[in-house]
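Contents: one structure, followed by commentary.
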Amino acid sequence: MNAEQEIVRVERLVKDFRPGFGLRRKRVLHGISFEVQKGEVFGFIGPNGAGKTTTLKVLMGLIRPTEGACSVLGHDVSETAFREQIGFAPESPYFYDFLTGREILDFYANLGGVSSKQRPDAVARVLEKVGLAHAADARLRTYSKGMLQRVAIAQALVHDPSVVFLDEPMSGLDPVGRKEIRDLIVELNSDGKTVFMNTHILSDVEMICDRVAIIVAGRIAYQGGVDGAIGGDERRVDVTLLGLTPEFAEQAGSRFGAELSGRGDRITMRTPEKQVSDLLSSALAQGAQVEELLPVRADLESLFLHAVEESSGGSES
């Protein structure tokens, strides 16, 4: 996509912290770079302590970068005028729990620049969107964890931003609550909003994100689509065979790069896609029968673990 379609840009971002007076600075972000395109649901994923929230705080202008440049909607993150176009839901929001849902959202709508005339409709609309219309006039102290998460997202939406940043939006939720938040993010995206989501819950990302960036120990280990992480030559297929001779099974690993599993007469060989034809020809010539061919899909968990292992190996060398 061209530059006009680029919503978030991070270039060689470095962030150092000093843990305490007199102590040496600790580098949390090591020159990371990535971009988010218009209309995407973008997942920024990594293990706890990898630098996800630090990156998001830099993008929100809450902390300053040590080095590098970051922009949102074409504006440097140190600027303020463009912020009415973005919404932000922090990981652990704090609300005045003596207020009702309607009152807290009216407060944030006012902060977001919504006029007094438009605020009632804006608040009612966002309460309906996040599924809290029935509890609009209940005090926040009576809300469940999932309801408070929806309030956090509602306050990020009440001024109708074009870009929404969510920090661990599914954290601490049960499966029902996570599904509700996932459905809401999909709805936001269908409404034309770009969504940037920090998380370490891989299954949720895999369901709703268009692209991901994986951050490990303050470095970007991978950026792109899930399927793009594994090249064509490395795609693998599970070939399940019946009636293999023990000798052939023993030789298959070295001849075809296969990993064997199973027992007795039924053996499954996980082999590179480019080797499948030769493996089948040789196995059939030995009198084996083909029971199943199953491509191995590159899921986000395998991609994530691969990225972590690669980064660990690189840091040790």
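Assorted remarks:
- Hits in the range 204-221 (condition: within 9 Å of the chain's Cα centre (by Cα) and not acidic (Asp, Glu)): VAL205, ILE208, CYS209, ARG211, VAL212, ALA213, ILE214
- Residue match in the range 172-180 (condition: among the small types (Gly, Ala, Ser) and in contact with a strand residue (DSSP E or B) (Cβ under 8 Å, 6 or more places away or on another chain)): no
- Checking LEU284 against (1) of a type in the set (A, V, I, L, M); (2) exposed (fewer than 15 other Cβ atoms within 10 Å of the Cβ); (3) not in a helix (DSSP H, G or I), the condition it does not meet: (3)
Residue-by-condition table, conditions (1) closer than 22 Å to GLN85 by Cα; (2) charged (D, E, K, R):
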site: GLY101; (1), (2): no, no
site: VAL126; (1), (2): yes, no
site: ASP137; (1), (2): no, yes
site: ALA156; (1), (2): yes, no
site: PRO175; (1), (2): no, no
site: ILE181; (1), (2): yes, no
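- Which numbered condition VAL14 fails, given (1) at pLDDT 95 or above; (2) open to solvent by 40 Å² or more (accessible area, probe 1.4 Å): (2)
- Count of the range 233-281 residues which are under 21 Å from SER302 (Cα atoms), polar (S, T, N, Q) and surrounded by fewer than 15 Cβ atoms within 10 Å (Cβ to Cβ): 1
- A count restricted to the range 147-166 and to residues that are outside any strand (DSSP E or B) and either acidic (Asp, Glu) or open to solvent by less than 20 Å² (accessible area, probe 1.4 Å) (or both) stands at 10.
- Single residue of the range 196-214 satisfying the filter (among the aliphatic types (A, V, I, L, M) and part of a helix (DSSP H, G or I)) that is surrounded by the most Cβ atoms within 10 Å (Cβ to Cβ): VAL205
- Check on VAL77, at pLDDT 95 or above and of a type outside the set (Asp, Glu): no
This table checks each residue for (1) under 26 Å from ILE201 (Cβ atoms); (2) open to solvent by 80 Å² or more (accessible area, probe 1.4 Å); (3) part of a loop (DSSP other than H, G, I, E, B).
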residue	(1), (2), (3)
LEU56	yes, no, no
ARG64	no, yes, yes
GLU103	no, yes, no
ALA109	no, no, no
ALA124	no, no, no
HIS134	no, yes, no
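- Test: residue in the range 167-175 that is out of contact with any Cys (no Cβ under 9 Å at 6 or more places or on another chain), without any contact (Cβ under 8 Å) to a residue 24 or more places away in the chain and either in a helix (DSSP H, G or I) or surrounded by fewer than 18 Cβ atoms within 10 Å (Cβ to Cβ) (or both): yes
- Candidates GLY39, GLY49: the one that is in a loop (DSSP other than H, G, I, E, B), open to solvent by 60 Å² or more (accessible area, probe 1.4 Å), of a type in the set (Gly, Ala, Ser) and at pLDDT below 95 is GLY49.
- Count of residues meeting criterion [assigned to a strand (DSSP E or B) and either crowded, with 18+ Cβ neighbours inside 10 Å or among the aliphatic types (A, V, I, L, M) (or both)] in the range 17-36: 6
- Scanning the range 129-174 for residues that are at positive phi and within 21 Å of the chain's Cα centre (by Cα) yields GLU168, GLY172.
- Figure legend. Inter-residue proximity from the range 177-195: first residues on the phi < 0 side of the Ramachandran plot and free of Cβ contacts under 8 Å to residues at least 40 places away in the same chain, second residues of a type in the set (Gly, Ala, Ser) and part of a strand (DSSP E or B), beta-carbon distance below 9 Å, spacing 6+ or different chains. Indicated pairs: LYS193/GLY87.
- Cross-chain or 6+ apart pairs with Cβ under 8 Å, the range 237-257 first and without any contact (Cβ under 8 Å) to a residue 40 or more places away in the chain and more than 10 Å from VAL290 (Cα to Cα), then among the charged types (D, E, K, R) and assigned to a strand (DSSP E or B): GLY253/GLU259
The values are calculated or read from the model by the stated rules, or taken from the named source; none is laboratory data. All of these numbers come straight from a predicted model, not from anything done at the bench. All Cβ positions, even for glycine, are placed from backbone atoms using ideal geometry, and neighbour counts span all protein chains on display. To get the accessible areas, we keep the full protein, side chains included, count just its heavy atoms, and leave off ligands, DNA and RNA. Shrake-Rupley method; radii C 1.70, N 1.55, O 1.52, S 1.80 Å.
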